[in-house]
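S.K.: Structure below; questions to follow.
The values are calculated or read from the model by the stated rules, or taken from the named source; none is laboratory data. Quantities reported herein were computed from a predicted structural model and do not represent experimental measurements. Note that we place each Cβ from the backbone using ideal geometry, even for glycine, and neighbour counts take in every protein chain shown. Heavy atoms of the whole protein, side chains included, go into the accessibility calculation; ligands, DNA and RNA do not. Shrake-Rupley method; radii C 1.70, N 1.55, O 1.52, S 1.80 Å.
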Amino acid sequence: MKFYGREQESESLEKIWEQSFHTATMTVMIGRRRVGKTSLILNALGSKRNFIYLFANRTSEGVLGQMFQQSIERQTDISIVGHNLKLHELIEQLFQYAEKEQLTLVIDEFQELEYVSSDFFSRLQYLWDMYHQRSKINFIVCGSIYSMMKRIFENSKEPLFGRMTHKIILKPFRTDTLKQILQEHNPQYSPEDLLFLYTVTGGVPMYVSLLIDQAATTKERMLNAICSVGSRFLNEAPDMLIGEFGKQYTNYFGILQLIASGMTSQKEIDSVVGKSTGQYMQVLENEYSLIQRNLPYGSKPGCRNVRWRLNDNFLAFWFRFIAPNSQMLAMDNMKLLQEVIEDGYTQYSGLMLEKYFRQKYAEQERVTEVSSWWDRSGEKEIDLIAVYGLDRQVTVAEVKRNRSKIDLQLLNEKVKQIKPLFPRYKIQMLGLSLEDM
């Protein structure tokens with residue numbers, strides 16, 4: 001699949017590159033794995049002179065240092081002096097080179113260096129402070145764990161605090177980009193095709209590419225591709241997460257599976273697990289950004305009417321349909337797995353349709369806030385609230401797969417309960433369905 005979207009991010013990287021000819025820059029790029037950080041950088045800067053891309057993984061400092069040295073000498077005409085160098089000694093030679101020649105240095109999975117060398121960040125702080133005023137270096141560090149990258153660069157107690165000059169948070173494709181991709185590869189695509197693509201991939205470029213490259217551009221073909229022997233989709237989640245969670249992964253997987261199945265309160269989850277899961281939930285939310293606490297619009301501080309959701313569409317799909325049916329994978333019974341997904345998909349995709357429209361409205365320039373609302377009993381809900389704060393307007397919508405099931409009169413009754421939250425606002429009520437995607 002060709003490179004899509006990322007116009008704003010590419011333009012920013014180009015401007016930062018131009019700036020680095022006059023003053024050193026340190027750009028922090030954060031985004032989940034498979035979201036296209038490397039592809040973006042290579043597409044925007046890979047053809048530039050003196051470009052170095054290094055990938056950090058958890059190994060010994062000596063082994064990683066040798067890998068870095070070989071990569072540097074393979075990608076450029078820079079000759080590293082010495083052998084068995086420490087990581088900071090390698091980086092120092094690059095800073096010294098950048099005193100004479102502009103250099104772009106990219107280190108991917110930067111947060112892993114904390115496990116490789118406990119003092120590397122302190123060493124790097126010293127090098128940056130010593131060389132950056134006279135170096136023409138475009139230093140880009142990428143990370144896939146938001147909490148760790150935020151701590152490394154934004155915690156005042158950390159050595160690299162205050163050194164970041166630019167920050168890019170790379171998100172999955174926008175809804176309009178997903179539509180463009182599907183349109184180009186299947187001009188006759190249906191709303192159901194688009195919804196399935198969004199539900200399964202969440203716009204993560206790697207997953208979109210896996211389907212597009214197999215010409216899986218309809219719901220039926222996508223489902224066949226996912227439920228095939230050797231499909232990347234089947235083992236992607238454990239490959240991504242087990243290494244991060246370590247020995248405790250079964251506890252985390254259990255919680256994620258329960259949330260994906262529709263249990264949205266911690267009380268429900270605790271009752272199934274048989275113990276308090278607060279500590280695990282906190283880690284999943286704050287350290288890995290995998291789950292998010294959602295509150296009804298207008299909630300006061302301390303509100304306990306919390307609903308937990310998985311942030312990531314792909315992981316939500318995997319924990320909803322793949323994880324509970326692992327025995328089918330072990331038996332290579334893909335037809336049965338596909339049947340299970342088809343049976344539960346219609347109900348599940350209704351929730352994903354709501355999420356799609358919330359994202360679609362959030363991407364509008366004039367929208368200042370997007371949320372939803374429900375009462376304490378959970379019986380009355382408003383699927384979408386899009387606030388145009390500067391225009392003093394708000395759009396509220398009921399979202400249904402089938403347009404005929406939308407009841408605007410019932411929506412109007414619900415809106416009466418939230419009207420006090422929007423004094424002197426013009427309120428527009430809508431019904432949104434598959435046809436409006």
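S.K.: Trp308: net charge of surrounding residues, Cβ under 15 Å, Lys/Arg +1, Asp/Glu -1, itself excluded?
M.R.: On the way: positive: Lys267, Arg293, Arg304, Arg307, Arg309, Arg320, Lys355; negative: Glu268, Asp270, Glu285, Asp312.
Within the 15 Å Cβ shell, the charges total +3.
S.K.: Please report the spacing between the Cα centers of region 260-284 and region 89-147 in Å, no decimals.
M.R.: Cα centroid of region 260-284 versus Cα centroid of region 89-147: 40 Å apart.
S.K.: Can you send over the carbon and sulfur percentage of the accessible area for the chain, probe radius 1.4 Å, protein chains only? The partial results should precede the final answer.
M.R.: Numbers: 9950 of 21290 Å².
Carbon and sulfur atoms account for 47 percent of the accessible area of the chain.
S.K.: Moving to a separate point now. How many nm is it between the label spots at Glu342 and Gln180, if each spot is 7 Å from the Cα in line with the beta carbon?
M.R.: Going from the Glu342 label point to the Gln180 one covers 3.4 nm.
S.K.: What does the helix-only formula give at 222 nm for the chain: each DSSP H stretch with n ≥ 4 adding -39500 (n - 2.57), the total divided by the residues, and the result rounded to the nearest 500 deg cm²/dmol? Numbers along the way, then the final one.
M.R.: Numbers: 19 runs with 200 residues, N = 437.
Calculated at 222 nm, the ellipticity per residue is -13500 deg cm²/dmol.
S.K.: Related question: Rounded to the nearest 0.05, what FRET efficiency do Glu435 and Thr250 have when you use their Cβ-Cβ distance and R0 = 51 Å?
M.R.: Values: r = 42 Å, r/R0 = 0.83.
Efficiency, rounded to the nearest 0.05: 0.75.
S.K.: Between Asp375 and Gln282, how high is the FRET efficiency from 1/(1 + (r/R0)^6) when r is the Cβ-Cβ distance and R₀ = 30 Å? Nearest 0.05. Walk me through the intermediate numbers first.
M.R.: On the way: r = 27 Å, r/R0 = 0.89.
Approximately 0.65, to the nearest 0.05.
S.K.: Near Lys275, which aspartates and glutamates are there with a Cα under 19 Å away, not counting those fewer than 8 places off in the same chain?
M.R.: Glu285
S.K.: Using 0.36 nm per residue, how much length does the chain from Ser10 to Gln393 gain when fully extended, once their Cα-Cα distance is taken away?
M.R.: In short, 134.6 nm is gained.
S.K.: Can you spot the aspartates and glutamates whose alpha carbon is less than 20 Å from Lys419's alpha carbon? Ignore those fewer than 8 places along the same chain.
M.R.: Glu369, Asp375, Glu379, Glu381, Asp383, Asp391, Glu398, Asp407
S.K.: If you compute Rg and Dmax of the Cα atoms in Å for the structure shown, which of (i) 24.1, 76; (ii) 36.7, 127; (iii) 28.4, 95 do you land on?
M.R.: Derived directly from the coordinates: (i).
S.K.: Please list Arg304, Arg232, Arg320 from largest to smallest accessible area, probe radius 1.4 Å, with all protein chains kept in place. Present the calculation step by step, with values, prior to reporting the outcome.
M.R.: On the way: Arg304 220, Arg232 100, Arg320 60 Å².
Descending accessible area places them as Arg304, Arg232, Arg320.
S.K.: Taking the 0 to 90 degree range and rounding to the nearest ten, how far is the long axis of helix 175-185 tilted relative to the main principal axis of the chain, both from C-alpha atoms?
M.R.: 90
S.K.: Take every DSSP beta bridge with both residues inside the chain and express the antiparallel ones as a percent of the total, to the nearest 5.
M.R.: Numbers: 14 of 41 bridges.
Restricted to the chain, the bridges split so that about 35 percent are antiparallel.
S.K.: Note down the net charge around Lys419, summing +1 for each Lys or Arg and -1 for each Asp or Glu among other residues with Cβ under 12 Å from its Cβ. Intermediate values should be presented prior to the final figure.
M.R.: Numbers: positive: Lys414, Lys416, Arg424, Lys426; negative: Glu413.
Once all neighbours under 12 Å are counted, the net charge is +3.
S.K.: A further question follows. Excluding same-chain residues fewer than 8 positions from Lys219, which aspartates and glutamates have a Cα within less than 13 Å of its Cα?
M.R.: Leaving aside aspartates and glutamates fewer than 8 places away in the same chain, those within reach of Lys219 are Glu192, Asp193, Glu342.
S.K.: If region 130-189 were replaced by its equivalent ellipsoid, with semi-axes equal to the square roots of 5 times the Cα gyration tensor eigenvalues, what would those be, largest first, whole Å?
M.R.: Numbers: eigenvalues 285, 50, 10 Å².
They are 38, 16, 7 Å, listed largest first.
S.K.: Leaving out ligands and nucleic acids, note down the accessible area per residue over the chain with a 1.4 angstrom probe, in whole Å². Intermediate values should be presented prior to the final figure.
M.R.: Working: 21290 Å² over 437 residues.
Solvent-accessible surface per residue comes out at 49 Å².
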